[in-house]
Amino acid sequence: MINRILFFLMGISLLWPHCSYAQKNELLTEKRIREVMQQAYDRFKNTSGGANASYIPYLADIDPKLYGIAVCTADGKVLELGDTKFEFGIESISKVFVLALAMQQRGPQAIEDSIGVNATGMPFNSVLAVELDPQRAVNPLVNAGAMATNSFVKAPGSAAKWTMIDDLIARFAARRLSVIQQLYASETATNLHNRAIAWLLYSYGRFYGDISEAVDLYTRACSYGSSTRDLAIMAGTLANKGLNPVTKEKVIEAGLCPRILATMMTEGLYDNTGSWVYHTGLPAKSGVGGGIIAVAPGKLAIAVFSPPLDKSGNSIKAQKTLEFMIDELKLNLLDAR
């Protein structure tokens, strides 16, 4: 009798992890993801508050009611809801992918040593963040670090460097993106503060190329027109260990993805990143164009677009949407339940 009970208990213990694993998998079926997307869309589509980025004239004129959600799974399914085809300014989300290029060329240690990887805890365009760090290290995902990262990309000239950036972005997105020329002109006319930050870094020996060239390349990359679908696929490539889930092309080395995602975890939503990670437990990156990407490694990526921003420069509606979906789909990396 005792033996029978022991065998029964052993059977339960062996089956239990599989049941738990199966339950987790059931949360990520296409049907379930679509249900959660629809629930989020219905819940937050009328969310108000925030405002478009008014300091860049082009962004100020984008319809604030636009709202799109896209998911790209690690096995290549792309699910969409809302205004997912509208092409908006990628803005600071481009920093992630220029970082990927520089890291592919130079290696993770060189990025840490020459740019910096710690959170600044300050606004994305902070001068004080540069001044307060004894090493003048910043982070590749704030403006100062992103411009330095552009200067760190190895190429024989500006045109060759842009070709490298453009080609890698295309491989991440599974299509060639175009620069929104009106946005590019608008940003170029208003980027005096960024140029000042670049010169400050240069004065400390933390800039690695021609200042005008690097600032221009940075501004041009921020002016890409990207759809919510594009961003989901780009982020999905990071979720899939550097392999584009749609094209099946290897875009970057798998070993670089954890380092890139780590920078997103520490600085992806600027001075609100700590609060973001506290509530979601996922690496993410925002852009003042209204987009945010979030990555669940090995599973999927979510992109959300809505132009009105909070005071830190992050889309209010996108944050709410992502927090809801991450919770419902049990994607929090820090929650082992």
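The values are calculated or read from the model by the stated rules, or taken from the named source; none is laboratory data. If you're wondering where the values come from, they're calculated on a predicted model, not measured in any experiment. Cβ: placed from backbone, ideal geometry, glycine included. Neighbour counts: every protein chain shown. Surface accessibility is based on the protein's heavy atoms, side chains included, excluding ligands, DNA and RNA. Shrake-Rupley method; radii C 1.70, N 1.55, O 1.52, S 1.80 Å.
The table below gives the values:
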| read-out | value |
| --- | --- |
| Exclusive hit being in contact (Cβ under 8 Å) with a residue 60 or more places away in the chain, within 22 Å of the chain's Cα centre (by Cα) and surrounded by 19 or more Cβ atoms within 10 Å (Cβ to Cβ), set Ala144, Ala174 | Ala174 |
| Meets criteria (at pLDDT 95 or above and either surrounded by 15 or more Cβ atoms within 10 Å (Cβ to Cβ) or part of a loop (DSSP other than H, G, I, E, B) (or both)) for Thr149 | yes |
| Residue among Arg175, Arg136 that alone is over 17 Å from Arg220 (Cα atoms), in a loop (DSSP other than H, G, I, E, B) and in contact with a Leu (Cβ under 8 Å, 6 or more places away or on another chain) | Arg136 |
| Failed item in (1) in contact (Cβ under 8 Å) with a residue 60 or more places away in the chain; (2) buried (at least 22 other Cβ atoms within 10 Å of the Cβ); (3) not aliphatic (A, V, I, L, M), with Lys330 passing the rest | (2) |
| Residue in the stretch 248-264 that is in a loop (DSSP other than H, G, I, E, B) and either free of Cβ contacts under 8 Å to residues at least 60 places away in the same chain or among the basic types (Lys, Arg) (or both) present | yes |
| Answer residue from the stretch 34-93, given it is part of a loop (DSSP other than H, G, I, E, B) and of a type in the set (Val, Ile, Thr) and is surrounded by the fewest Cβ atoms within 10 Å (Cβ to Cβ) among those | Thr47 |
| Odd one out for Arg195, checked against (1) open to solvent by 40 Å² or more (accessible area, probe 1.4 Å); (2) farther than 30 Å from Arg136 by Cα; (3) free of Cβ contacts under 8 Å to residues at least 40 places away in the same chain; (4) out of contact with any Gly (no Cβ under 7 Å at 6 or more places or on another chain) | (2) |
